[in-house]
Amino acid sequence: MKKLFIYYSLSGNGNVVADYLKDKNIDIRKVIMRDKIPKSYIGQILTGGFLAGINHKAKLSNFDNNIDDYDEIIIGSPIWNGKLSCPINTVLDKINLENRKISFILYSGSGTAPKTEKIIKNKYGDAKIIILKEPKSNKKELEKVL
Ligand SMILES: Cc1cc2nc3c(=O)[nH]c(=O)nc-3n(C[C@H](O)[C@H](O)[C@H](O)COP(=O)(O)O)c2cc1C
(Lines give C-alpha, C1' and ligand atoms only; values in the text may rest on other atoms or scores of the structure.)
Protein backbone atom coordinates (compact mmCIF):
# COMPACT_ATOMS: atom_id res chain seq x y z
CA MET A 1 0.00 0.00 0.00
CA LYS A 2 1.90 3.04 -1.29
CA LYS A 3 1.00 6.39 0.22
CA LEU A 4 1.73 9.94 -0.90
CA PHE A 5 1.46 13.07 1.24
CA ILE A 6 0.69 16.11 -0.92
CA TYR A 7 0.81 19.25 1.15
CA TYR A 8 1.18 23.00 1.38
CA SER A 9 2.84 24.96 4.15
CA LEU A 10 3.30 28.70 4.45
CA SER A 11 4.94 28.89 7.87
CA GLY A 12 6.38 25.43 8.53
CA ASN A 13 3.69 23.46 10.37
CA GLY A 14 3.02 21.30 7.32
CA ASN A 15 6.77 20.66 6.96
CA VAL A 16 6.86 19.17 10.46
CA VAL A 17 4.04 16.80 9.48
CA ALA A 18 5.88 15.91 6.24
CA ASP A 19 9.09 15.05 8.15
CA TYR A 20 7.08 12.84 10.50
CA LEU A 21 5.43 10.98 7.62
CA LYS A 22 8.69 10.64 5.67
CA ASP A 23 10.06 8.63 8.60
CA LYS A 24 7.11 6.28 8.13
CA ASN A 25 8.06 5.64 4.49
CA ILE A 26 5.34 7.82 3.06
CA ASP A 27 6.36 9.72 -0.08
CA ILE A 28 6.17 13.49 0.11
CA ARG A 29 5.20 16.07 -2.49
CA LYS A 30 5.24 19.70 -1.35
CA VAL A 31 3.22 22.18 -3.34
CA ILE A 32 4.70 25.60 -4.07
CA MET A 33 2.38 28.54 -4.63
CA ARG A 34 3.17 30.90 -7.48
CA ASP A 35 0.72 33.56 -6.28
CA LYS A 36 2.42 36.22 -4.14
CA ILE A 37 1.43 36.35 -0.48
CA PRO A 38 2.38 39.25 1.84
CA LYS A 39 5.31 38.78 4.24
CA SER A 40 3.49 40.19 7.29
CA TYR A 41 1.15 37.88 9.21
CA ILE A 42 -1.66 40.42 9.13
CA GLY A 43 -1.21 40.80 5.36
CA GLN A 44 -1.31 37.03 5.00
CA ILE A 45 -4.48 36.78 7.06
CA LEU A 46 -6.18 39.48 5.01
CA THR A 47 -5.07 38.25 1.58
CA GLY A 48 -4.98 34.47 2.14
CA GLY A 49 -8.04 34.58 4.35
CA PHE A 50 -10.08 36.47 1.78
CA LEU A 51 -8.98 34.26 -1.12
CA ALA A 52 -9.59 31.03 0.82
CA GLY A 53 -13.01 32.38 1.78
CA ILE A 54 -13.97 32.55 -1.89
CA ASN A 55 -12.42 29.10 -2.62
CA HIS A 56 -9.68 30.61 -4.80
CA LYS A 57 -7.41 28.14 -6.60
CA ALA A 58 -3.84 29.43 -6.41
CA LYS A 59 -1.37 29.07 -9.27
CA LEU A 60 1.27 26.45 -8.48
CA SER A 61 4.89 26.08 -9.59
CA ASN A 62 5.76 22.80 -11.32
CA PHE A 63 2.94 20.77 -9.82
CA ASP A 64 3.17 17.06 -10.63
CA ASN A 65 -0.39 15.72 -10.72
CA ASN A 66 0.58 12.11 -11.52
CA ILE A 67 -0.53 9.86 -8.66
CA ASP A 68 -0.57 6.57 -10.62
CA ASP A 69 1.90 4.86 -8.27
CA TYR A 70 -0.13 5.45 -5.13
CA ASP A 71 -3.02 3.65 -3.43
CA GLU A 72 -3.63 6.35 -0.86
CA ILE A 73 -3.32 10.11 -1.07
CA ILE A 74 -3.00 12.14 2.12
CA ILE A 75 -3.70 15.84 1.64
CA GLY A 76 -2.09 18.31 4.04
CA SER A 77 -3.37 21.86 4.34
CA PRO A 78 -3.31 24.75 6.76
CA ILE A 79 -6.72 26.14 7.63
CA TRP A 80 -7.25 29.60 6.17
CA ASN A 81 -10.32 31.50 7.27
CA GLY A 82 -11.94 28.22 8.32
CA LYS A 83 -11.31 26.64 4.92
CA LEU A 84 -8.67 24.75 2.93
CA SER A 85 -5.73 26.83 1.71
CA CYS A 86 -5.79 28.12 -1.88
CA PRO A 87 -2.91 25.91 -3.15
CA ILE A 88 -4.71 22.81 -1.89
CA ASN A 89 -7.91 23.89 -3.66
CA THR A 90 -5.84 23.68 -6.85
CA VAL A 91 -4.40 20.27 -5.97
CA LEU A 92 -7.86 18.82 -5.35
CA ASP A 93 -8.99 20.27 -8.67
CA LYS A 94 -6.03 18.91 -10.64
CA ILE A 95 -5.58 15.35 -9.37
CA ASN A 96 -7.87 12.54 -10.35
CA LEU A 97 -8.84 10.80 -7.12
CA GLU A 98 -10.95 8.10 -8.76
CA ASN A 99 -10.31 4.69 -7.16
CA ARG A 100 -7.94 6.24 -4.66
CA LYS A 101 -8.23 6.27 -0.90
CA ILE A 102 -7.98 9.83 0.38
CA SER A 103 -7.43 11.29 3.83
CA PHE A 104 -6.68 14.76 5.18
CA ILE A 105 -4.27 16.18 7.73
CA LEU A 106 -5.20 19.76 8.55
CA TYR A 107 -3.21 22.14 10.74
CA SER A 108 -4.68 25.24 12.33
CA GLY A 109 -4.20 27.79 15.08
CA SER A 110 -7.21 26.59 17.04
CA GLY A 111 -6.85 22.86 16.39
CA THR A 112 -10.37 22.83 14.96
CA ALA A 113 -11.84 23.31 11.48
CA PRO A 114 -15.58 22.54 11.60
CA LYS A 115 -16.42 24.27 8.28
CA THR A 116 -13.72 22.38 6.39
CA GLU A 117 -14.65 19.08 8.02
CA LYS A 118 -18.19 19.55 6.76
CA ILE A 119 -17.03 20.45 3.23
CA ILE A 120 -14.70 17.42 3.09
CA LYS A 121 -17.40 15.06 4.36
CA ASN A 122 -19.82 16.34 1.73
CA LYS A 123 -17.31 15.92 -1.08
CA TYR A 124 -15.23 12.90 -0.04
CA GLY A 125 -17.66 10.88 2.08
CA ASP A 126 -15.90 9.03 4.84
CA ALA A 127 -12.37 10.36 4.20
CA LYS A 128 -10.39 10.34 7.43
CA ILE A 129 -9.67 13.84 8.78
CA ILE A 130 -7.02 14.61 11.39
CA ILE A 131 -6.71 18.17 12.72
CA LEU A 132 -3.54 19.29 14.46
CA LYS A 133 -3.02 22.41 16.54
CA GLU A 134 0.21 24.13 15.42
CA PRO A 135 2.36 20.95 15.24
CA LYS A 136 5.55 23.02 14.75
CA SER A 137 5.37 24.17 18.35
CA ASN A 138 3.28 21.26 19.72
CA LYS A 139 5.14 18.13 18.58
CA LYS A 140 2.83 15.96 20.70
CA GLU A 141 0.06 16.75 18.21
CA LEU A 142 1.85 14.47 15.73
CA GLU A 143 0.79 11.49 17.82
CA LYS A 144 -2.69 11.96 16.34
CA VAL A 145 -1.21 10.98 12.95
CA LEU A 146 -1.12 7.21 12.20
C1 LIG B 1 -4.24 33.33 5.80
C2 LIG B 1 -4.35 32.58 7.10
C3 LIG B 1 -5.61 32.30 7.62
C4 LIG B 1 -5.73 31.53 8.79
N5 LIG B 1 -6.98 31.22 9.24
C6 LIG B 1 -7.11 30.41 10.32
C7 LIG B 1 -8.41 30.02 10.78
O8 LIG B 1 -9.45 30.38 10.23
N9 LIG B 1 -8.50 29.20 11.88
C10 LIG B 1 -7.38 28.77 12.56
O11 LIG B 1 -7.52 28.05 13.55
N12 LIG B 1 -6.12 29.11 12.14
C13 LIG B 1 -5.96 29.91 11.04
N14 LIG B 1 -4.70 30.26 10.59
C15 LIG B 1 -3.52 29.67 11.25
C16 LIG B 1 -2.95 28.51 10.44
O17 LIG B 1 -3.97 27.63 10.02
C18 LIG B 1 -1.94 27.70 11.30
O19 LIG B 1 -0.96 28.55 11.80
C20 LIG B 1 -1.31 26.55 10.51
O21 LIG B 1 -0.67 25.68 11.41
C22 LIG B 1 -0.31 27.06 9.49
O23 LIG B 1 0.28 26.01 8.77
P24 LIG B 1 1.65 26.22 7.96
O25 LIG B 1 2.66 26.70 8.99
O26 LIG B 1 2.02 24.87 7.43
O27 LIG B 1 1.42 27.23 6.90
C28 LIG B 1 -4.55 31.06 9.47
C29 LIG B 1 -3.30 31.41 8.96
C30 LIG B 1 -3.18 32.15 7.79
C31 LIG B 1 -1.82 32.49 7.24
Scanning the stretch 98-117 for residues that are open to solvent by less than 100 Å² (accessible area, probe 1.4 Å), farther than 25 Å from Asp35 by Cα and not β-branched (Val, Ile, Thr) gives Arg100, Ser103, Ser110, Gly111, Pro114, Glu117
Kindly indicate the residue of the stretch 118-133 that is crowded, with 16+ Cβ neighbours inside 10 Å and assigned to a helix (DSSP H, G or I) and also modelled with the highest pLDDT among those meeting that condition. Ile120
Does the stretch 1-30 hold any residues that are in contact with a strand residue (DSSP E or B) (Cβ under 6 Å, 6 or more places away or on another chain), away from the ligand (no atom under 11 Å from the Cβ) and not in a helix (DSSP H, G or I), and which are they? Lys3, Leu4, Phe5, Ile6, Ile26, Asp27, Ile28, Arg29
Which one of Gly14, Gly49 is within 26 Å of Leu142 (Cα to Cα), buried (at least 16 other Cβ atoms within 10 Å of the Cβ) and either at pLDDT 95 or above or touching a Ser or Thr at 6+ places or on another chain (Cβ under 6 Å) (or both)? Gly14
Within the stretch 75-94, residues being surrounded by fewer than 24 Cβ atoms within 10 Å (Cβ to Cβ) and more than 11 Å from Ile105 (Cα to Cα) number 8
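The values are calculated or read from the model by the stated rules, or taken from the named source; none is laboratory data. Just so we're clear, the structure is a prediction, and the values are computed from it rather than from any experiment. Note that we place each Cβ from the backbone using ideal geometry, even for glycine, and neighbour counts take in every protein chain shown. Protein only, heavy atoms only, side chains kept; ligands, DNA and RNA dropped before computing areas. Shrake-Rupley method; radii C 1.70, N 1.55, O 1.52, S 1.80 Å.
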